[in-house]
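Read-outs: derived from the displayed coordinates by stated rules, not from any lab. The structure presented is a predicted model; accordingly, all values stated were derived computationally and were not measured. In this analysis, Cβ positions are derived from the backbone assuming ideal geometry, glycine residues included, and neighbour counts consider all displayed protein chains.
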Amino acid sequence: MDNRRGSRSRQGNSDRESQVNPEDLAVSADLSIAAEPSESPMFNQQLMEEICNRENLKQALKRVQQNRGSPGVDGMSVDDLGGYLNTKWPEIKEQLLNGTYHPHPILRVEIPKPGKQEKRNLGIPTVMDRFIQQAILQPLQKRWDSTFSEHSYGFRPGRSAHQA
């Protein structure tokens, strides 16, 4: 980063000097905060084991295969996912349990808007990341859905805005 940029942002009146510059934070951010254990009992080793449970994973795989979708940056198709998991799952599971798994970059594509010349940006995660997201969603949804109001319809399974 250009040091002149940071020094320019600190110039100005005393009010500005006391403000935090977001650019400076991004450069010197301490990422160890993410490694600290959560205070919430919702996020613990038992939850990660539930996420990595064989039945949960089978359901997640089935859901990802049903949804189909395009390959992400790695080019892996939904049809290739099962074979890939057969060989790589122990390694991926270890990363998930240790908290060292990193999602892949998102593939950005532009799709045309109907009847317009404009395009809409669409982000496509890898099939593996969609599988892991689904595996995480299922146990969390079971825990959280029961805490919502009976009259809540937004983004809940089996409910829609039209039913509200």
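For E118 and N53, the difference between the fully extended length at 0.36 nm per residue and the C-alpha to C-alpha distance is 19.0 nm. Taking 0.36 nm per residue of separation and subtracting the Cα-Cα distance, full extension of the segment from Q95 to S146 would add 15.4 nm.
This ranking places I124, I51 by how few other beta-carbon atoms lie within 10 Å of each, fewest first, which gives I124, I51.
Looking at the square roots a ≥ b ≥ c of the eigenvalues of the Cα gyration tensor of region 38-145, which shape do they give, rounded for a/c under 1.5, prolate if a/b is larger than b/c, or oblate?
Note, shape of region 38-145 comes out prolate.
Gain on full extension, evaluated as 0.36 nm per residue between D80 and K62 minus their Cα-Cα distance, stands at 5.2 nm. When each of the peptides 109-118, 88-97 is scored by the mean number of other C-beta atoms lying within 10 Å of its residues, the order from highest to lowest reads 88-97, 109-118. Neighbours of P139 by Cβ distance under 14 Å: Lys/Arg scored +1, Asp/Glu scored -1, total +1.
Summing Lys and Arg as +1 and Asp and Glu as -1 over all other residues whose Cβ lies under 14 Å from the Cβ of R130 gives a net charge of -1. Within the shell defined by Cβ-Cβ distances under 13 Å, the residues around M48 carry a net charge of -2, with Lys and Arg each +1 and Asp and Glu each -1.
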